[in-house]
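Take a look at the structure below.
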Amino acid sequence: MGVHSDQWIRRMAQEHGMIEPFAEGQVRLAADGGRAISYGVSSYGYDLRVSDEFKVFTNVFSSVVDPKHFDERSFVDMQTEVCVIPPNSFALSRSVEYFRIPRNVLTVCLGKSTYARCGIIVNVTPFEPEWEGHVTLEISNTTPLPAKIYAHEGLAQVIFFDAVETCEVSYADRAGKYMNQRGITVPRI
């Protein structure tokens, strides 16, 4: 298994629509001209952006968190340019980018160090061969203070690994439950 470079990522995005919308290089300026948490192609990966759609965890209804019977009342939905996650809590969001992963590729999505150095952790997650969709992102605030997340800026890096052999059964072949997801997707069984 090998890691793919920026050249491969650009080619796959342009020729096969692997990442849409796609930023050719590292973008460091926000829409308002100020500094942004970077996104776009890096040396061996792609820094994805977080959308302005968030589901912030709340304990208002004292629900039990159960992945088999998830109560969507555990979240407050918001659309905002800056999401404030309460102390020791988390939010779900989605990537701005829509991904189409080739059959011979596995990716790993990791949080960016800018947020990690503030105690904000993005759950590590793979994108399996032939999965496609918006990435649902789990953003944890591990600090005892409120934490800001900036919409339309970088949040996580995706690293692309090339398989030595193509998988026998892909995510699409087994009709994975998160296939073609759009928007923020809560746990499914």
Residue in the stretch 1-44 that is modelled with the lowest pLDDT, counting only those that are more than 21 Å from Arg103 (Cα to Cα) and among the charged types (D, E, K, R)
Asp32
Among the residues of the stretch 84-104, count how many are more than 17 Å from the chain's Cα centre (by Cα) and within 23 Å of Phe161 (Cα to Cα).
3
Do you know which of the residues in the stretch 143-189 that are surrounded by fewer than 15 Cβ atoms within 10 Å (Cβ to Cβ) and of a type in the set (Ser, Thr, Tyr) is modelled with the lowest pLDDT?
Thr166
The lone condition Met18 fails out of (1) of a type outside the set (S, T, N, Q); (2) in contact with a helix residue (DSSP H, G or I) (Cβ under 7 Å, 6 or more places away or on another chain); (3) more than 18 Å from Val108 (Cα to Cα) is (3)
Check whether at least one residue in the stretch 108-121 is over 17 Å from Thr58 (Cα atoms), of a type in the set (Ser, Thr, Tyr) and buried (at least 20 other Cβ atoms within 10 Å of the Cβ), and report yes or no.
yes
For the list (1) without any contact (Cβ under 8 Å) to a residue 40 or more places away in the chain; (2) surrounded by fewer than 19 Cβ atoms within 10 Å (Cβ to Cβ); (3) assigned to a strand (DSSP E or B), I need the number of the one condition that Glu15 fails.
(3)
Can you list the strands (runs of 3 or more DSSP E) lying wholly within the stretch 85-189 that have 3 or more residues being closer than 17 Å to Ile19 by Cα, in contact (Cβ under 8 Å) with a residue 40 or more places away in the chain and in contact with a Cys (Cβ under 6 Å, 6 or more places away or on another chain)?
none
Looking only at the stretch 105-123, and only at residues there that are under 15 Å from Thr136 (Cβ atoms) and not hydrophobic (A, V, I, L, M, F, W, C), the one that is farthest from the chain's Cα centre (by Cα):
Thr107
If you take the residues of the stretch 53-65 that are of a type outside the set (A, V, I, L, M, F, W, C) and within 23 Å of Ile120 (Cα to Cα), which of them is modelled with the lowest pLDDT?
Asn59
Could you tell me how many of the residues in the stretch 37-76 are in a strand (DSSP E or B) and either exposed (fewer than 12 other Cβ atoms within 10 Å of the Cβ) or of a type in the set (S, T, N, Q) (or both)?
3
Would you check if there is a residue in the stretch 161-174 being closer than 26 Å to Gln26 by Cα and not small (Gly, Ala, Ser)?
yes
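The values are calculated or read from the model by the stated rules, or taken from the named source; none is laboratory data. Keep in mind that this is a model prediction, so the values were computed, not measured. For neighbour counting, all protein chains shown are included, and Cβ atoms are generated from backbone atoms with ideal geometry for every residue, glycine included.
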